[in-house]
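Just so it is clear, none of the values below were taken in a lab; they were calculated from the coordinates. Computed from a prediction, not measured in an experiment: that's the story for all the values here.
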Amino acid sequence: MAAFTGLLLSLTAVDPVLAQSVGESFCSTDMAETVRNIFSIIQFGGPLIGGTLFLAATVATPAVRRADLKKEIKELRNQALIWGVIVAPLATVILQFLLNNVVAGGASCGF
């Protein structure tokens, strides 16, 4: 059991060690690619989905007659505006600052 644990640890401990290196070697790791993908999803997906939901809720509100459904659509519109149009771009700026200034080797990758 200890040999299996040691083998498993030796296989999984390689990438985090590579991620701590400075410069171009960090950019070629799987961790940097994952961070880049998550960053792209937040940067482009948040405003796209939030803006689409906001527009759809704004257009659909006058067509709905029931007051309770109209209230839910207005709440959806407000949440789409807050999270998709305001918070996602702020999160992009914060993540870009963290990746370029805090992560070792992040500035050389150009997140």
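Worth a mention:
- Net length available on complete extension from S40 to A67 is 5.9 nm, with 0.36 nm assigned per residue and the Cα-Cα distance removed.
- Contour excess over end-to-end distance, with Cα ends at L48 and K74 and 0.36 nm allotted per residue: 7.5 nm
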